[in-house]
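The block underneath contains the structure these notes are about, expressed in structure tokens.
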Amino acid sequence: MRRLVTALAAIGLLLPTQAAMAHDAPRTATRGYTTSDEVIANPERGFYHHTETHYRADGKGYVPLNLTTLRNYRTQENITQILRVFYLEKFASQDVIDEQYLDLVRADFATARAAGIKVIVRFAYALPGAGWPPPTPYGDAPVARVLKHIQQLTPVLRQNVGVIEVVQSGFVGLWGEGYYTDHFSNPQDPSQVSDQNWADRKAVVTALLAALPKDRTVQVRTPYMKQRMFGVPTGTAGALTAEQAYDGSALARVGHHNDCFLASPDDFGTYLSDPIELDKDFVAQDTNYVPEGGETCNVNPPRSEWESASAEMARLHFSYLNTDYNKDVLGSWGANITTAQQKLGYRFALTQSTVTTKASPRGTVQVGLQVRNDGWAAPYNTRRVQLLFQSDKHTFKVDVPADPRRWGAGTTTDLNWTVAAPPVPGKYRVLLNLPDPRLSTQPEYSIRLANTGTWQPATGYNDLGQTVTVG
């Protein structure tokens with residue numbers, strides 16, 4: 001037996017004693033977290049401010065975004081996004097967009113980035129004239145011209161996609177909402193939309209999808225628009241599945257915006273199915289994976305009151321809502337506005353973490369997290385997930401596999417990673433970073449967790465309150 005032990009030792013296979021095994025076993029620490037009820041200025045969620053600008057036949061009407069105003073939205077109101085409607089009045093009658101106009105749009109995106117703001121983008125040609133219903137002609141452009149304009153806008157959109165959270169389909173009809181239009185339905189009866197009209201509408205959406213990277217979405221005004229353009233039925237049968245989500249297809253990149261939310265039983269024509277609940281079922285399932293947002297536009301109790309409104313925003317996974325309109329509807333919610341500020345979109349909170357406390361420079365560290373989503377939706381754009389090991393002298397970053405878009409509303413996600421330990425001996429704090437992949441150097445675009453005592457505003461990191469000693 002002694003000869004066998006000696007032989008094993010010679011080739012490095014001598015079994016450790018029980019005491020040695022206990023000494024070398026990974027040591028871990030587990031801690032829980034306190035949830036914060038603070039309204040958090042996180043990107044791509046919450047209330048938004050409406051902004052619009054014009055460019056009339058004489059080249060006048062463009063009012064640039066104001067940096068101080070946008071910064072005040074963040075610092076004074078915890079609002080991190082705007083809707084920017086770019087009205088193209090001058091170009092409804094000409095194919096070529098002025099380079100001066102494109103420069104103005106670029107400057108607006110640069111201002112938004114400097115302010116730490118994201119932009120919901122819509123292009124449109126016309127507002128209604130006097131009287132109701134609005135008189136014809138409405139003033140939008142034919143499909144061939146729209147497609148030429150999208151082609152000219154594509155470089156601007158791609159250069160600034162970091163601050164663009166989503167693009168609404170726009171272009172067609174008054175306000176870009178797709179109903180009162182000279183070219184995409186019967187102008188005398190806008191409810192009459194021919195097969196050719198639908199083909200033209202789909203061409204606009206398809207061109208916008210092509211203008212954007214595959215990780216960006218386009219929103220259409222009604223569920224039926226998506227169903228008709230892409231040949232899917234209403235109800236849950238036609239909505240996206242988990243397997244289809246984020247596969248880069250057109251179907252997976254088209255979301256919804258409801259600009260008459262709560263206004264009437266069918267939200268002024270937003271829902272067209274019979275029964276209406278089929279369209280709502282479609283949106284409820286679809287918006288697990290694509291964005292939903294919009295605005296209220298009419299007092300309609302009891303549906304527009306808080307109890308009904310909050311239940312529907314949760315069901316339909318609302319990520320954003322206009323704070324400027326309708327003030328009477330929003331005012332009826334009273335102090336519940338704070339709850340809406342908290343729950344629109346995602347709201348991630350740590351519940352527990354377990355971390356290796358000691359490691360060698362060539363060893364590994366195990367990190368386990370439980371993250372609960374207390375919001376009404378998940379993020380709809382891509383996010384990086386990073387672990388950071390931070391000492392007084394060094395910071396090491398490790399990208400870990402995770403997709404926050406899959407951290408669904410009302411769920412708790414278990415995350416477990418084994419990563420390389422920092423190569424330099426020392427005592428390291430462990431942090432979590434959820435940065436925007438295109439704006440990773442700007443901490444205001446990282447996600448802050450809804451916990452007390454974890455946020456580092458200067459870096460955009462979330463401190464897990466755990467340490468690892470290396471060496």
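Just to check I understand the Karplus step: with θ = phi - 60° and J = 6.51 cos²θ - 1.76 cosθ + 1.60, what whole-Hz values come out for the range 451-464, glycine and proline as x?
Per residue, the Karplus-derived 3J(HN,Hα) values read 10, 8, x, 10, 7, 10, x, 6, 10, x, 9, 10, 7, 6 Hz.
Divide, for the range 166-317, the radius of gyration over alpha carbons by 2.2 N^0.38 Å, where N is the residue count.
Details: Rg = 15.0 Å, N = 152, 2.2 N^0.38 = 14.8 Å.
Scaled against compact globular proteins, the figure is 1.01.
Taking Lys118 as the anchor, which lysines have their alpha carbon closer than 30 Å to its alpha carbon, excluding any fewer than eight residues away along the same chain?
Lys60, Lys90, Lys148, Lys202, Lys214, Lys226, Lys280, Lys327, Lys343, Lys397
Once you have the Kirkwood Rh of the range 213-276 from its Cα pairs, apply Stokes-Einstein at 25 °C and 0.890 mPa s and quote D in µm²/s. Display every interim value, and only then the final one.
Details: Rh = 12.6 Å.
Rounded, D is 194 µm²/s.
Do me a favour and compute the ellipsoid semi-axes for the range 325-448 from its Cα gyration tensor, root of five times each eigenvalue, largest one first, whole Å. Could you put the intermediate results ahead of the total?
Values: eigenvalues 242, 46, 32 Å².
Value: 35, 15, 13 Å, ordered largest first.
Kirkwood hydrodynamic radius, the range 407-471, all distinct C-alpha pairs: what's the number in Å?
Numbers: mean 1/r = 0.0729 Å⁻¹.
Computed over the range 407-471, the radius equals 13.7 Å.
Can you list the HN-Hα couplings for the range 95-106, worked out from phi with the Karplus curve (6.51, -1.76, 1.60; θ = phi - 60°), rounded to whole Hz and with x for Gly and Pro?
So the J values, rounded to whole Hz, are 7, 9, 7, 4, 4, 4, 5, 4, 5, 5, 5, 4.
For Cys260, what residues show an amide H to amide H distance below 5 Å, using hydrogens built from the backbone and excluding near sequence neighbours?
Glu295
Applying the Karplus parametrisation 6.51 cos²θ - 1.76 cosθ + 1.60 with θ = phi - 60° to the phi angles of the range 370-378, what ³J(HN,Hα) value in whole Hz is obtained for each residue in order, glycine and proline being reported as x?
Here the 3J(HN,Hα) series is 10, 10, 9, 9, 8, x, 8, 8, 9 Hz.
Taking K and R as +1 and D and E as -1, what net charge do the other residues with C-beta under 15 Å from the C-beta of Ile276 add up to? Please report the intermediate quantities before stating the final value.
Numbers: positive: Lys280, Arg303, Arg315; negative: Asp266, Asp267, Asp274, Glu277, Asp279, Asp281, Glu312.
With Lys, Arg at +1 and Asp, Glu at -1, the net is -4.
Carbon and sulfur together cover what percent of the accessible area of the chain at a 1.4 Å probe radius? Write down the numbers at each step before the final one.
Details: 10450 of 19880 Å².
Accessible surface attributable to carbon and sulfur in the chain totals 53 percent.
For Tyr180, enumerate residues with amide H under 5 Å from its amide H, sequence gap 5+ or separate chain, H modeled in the peptide plane.
So Tyr180 has HN proximity to Leu174.
Radius of gyration and Dmax for the chain's Cα atoms, expressed in Å?
26.1, 104
So what's the net charge close to Ile40: Lys and Arg +1, Asp and Glu -1, counting the other residues with Cβ under 13 Å from its Cβ?
-1
Could you give log10 I(q)/I(0) at q = 0.13 Å⁻¹ for the range 56-169, computed by the Debye formula over C-alpha point scatterers of equal weight, without solvent?
Results for the range 56-169 at q = 0.13 Å⁻¹ read -0.56.
If you count only protein heavy atoms with a 1.4 Å probe, what accessible area per residue comes out for the chain, rounded to a whole Å²? Let's see the in-between values first.
Values: 19880 Å² over 471 residues.
It amounts to 42 Å² per residue over the chain.
What are the aspartates and glutamates whose alpha-carbon lies under 12 Å from the alpha-carbon of Lys427, with same-chain residues fewer than 8 places away excluded?
Within the straight-line limit of under 12 Å, Lys427 reaches these aspartates and glutamates: Asp392.
What residues have an amide H closer than 5 Å to that of Leu83, excluding those fewer than 5 places away on the same chain, when H is modeled at 1.01 Å from N in the peptide plane?
Amide H to amide H, under 5 Å and 5 or more residues apart or across chains, Leu83 pairs with His49, His50, Thr51, Ile120.
So what's the back-of-envelope 222 nm ellipticity for the chain, counting only DSSP H runs of four-plus at -39500 (n - 2.57) apiece and dividing by all residues, rounded to 500? Each step should come with its number before you reach the end.
Values: 11 runs with 119 residues, N = 471.
After summing the helix terms and dividing by residue count, I get -7500 deg cm²/dmol.
As a test, work out the antiparallel percent of DSSP beta bridges whose residues both lie in the chain, rounded to the nearest 5.
Values: 42 of 73 bridges.
Expressed as a percentage, antiparallel bridges in the chain total about 60.
The values are calculated or read from the model by the stated rules, or taken from the named source; none is laboratory data. Since the model is a prediction, treat every value here as computed from it, not as a measurement. When we count neighbours, we look across all protein chains shown, and the Cβ atoms used for this are built from the backbone with ideal geometry, even at glycine. For the accessible areas, the whole protein counts, side chains as well, though only heavy atoms, and no ligand, DNA or RNA atoms are used. Shrake-Rupley method; radii C 1.70, N 1.55, O 1.52, S 1.80 Å.
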